[in-house]
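I have placed the structure first, in the form of structure tokens, so that the comments after it can refer back to it.
The values are calculated or read from the model by the stated rules, or taken from the named source; none is laboratory data. Given the structure is predicted, the values throughout are model-derived calculations rather than measurements. Quick reminder, even Gly has a Cβ in these numbers, built from the backbone with ideal geometry, and neighbours come from all protein chains shown.
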Amino acid sequence: MNIHRIKLLRERQHLNQEALGKIVGATQQTISRIENNKYTAPLDLLIKLANYFNVSLDYLVGISDQRWSIDAITTINRDFEEYYDYICILKDLNDINKKTILIIMQRLRESQLEE
């Protein structure tokens, strides 16, 4: 299994191991052990991780370099259409404001996980 992809995807989402664990129903220790290749994740957990990161299971475990499945591409296109106006505004912000928005969104996501 390509453990580096799980860690990379998690870090791209600016998630710590604990937050990712809450999202997929695992502990921080489980995520850590997976990322450090000390535990082989069961299929149901791998599927949850792939679904959360919107990547194919084959990509997640290193079988393929094809990141997205056809279903994921369809979802990405639908999400892009829905959030296009937000993306345009974000794109026009300076780097400091982009980082500020990212921090705010992370805090909002964390507060939702705590509910």
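Structure notes:
Every residue, every condition in (1) under 16 Å from the mean Cα position of the chain (by Cα); (2) outside any helix (DSSP H, G or I); (3) among the β-branched types (V, I, T), yes or no:
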{"site": "L8", "(1), (2), (3)": "yes, no, no"}
{"site": "H14", "(1), (2), (3)": "yes, yes, no"}
{"site": "L20", "(1), (2), (3)": "yes, no, no"}
{"site": "N51", "(1), (2), (3)": "yes, no, no"}
{"site": "S64", "(1), (2), (3)": "no, yes, no"}
{"site": "W68", "(1), (2), (3)": "yes, yes, no"}
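- Candidates are the residues of region 67-115 that are surrounded by 11 or more Cβ atoms within 10 Å (Cβ to Cβ) and polar (S, T, N, Q); the one that is nearest to L20 (Cα to Cα) is Q106.
- Within region 37-49, the set of residues being among the aliphatic types (A, V, I, L, M) and either touching a Lys or Arg at 6+ places or on another chain (Cβ under 8 Å) or part of a helix (DSSP H, G or I) (or both) comprises L43, L45, L46, I47, L49.
- Any hit, region 84-101, residues being hydroxyl-bearing (S, T, Y), assigned to a helix (DSSP H, G or I) and under 18 Å from E11 (Cβ atoms): no
- Qualifying position, being of a type in the set (V, I, T), at pLDDT 95 or above and touching a Lys or Arg at 6+ places or on another chain (Cβ under 7 Å), among V24, V55: V24
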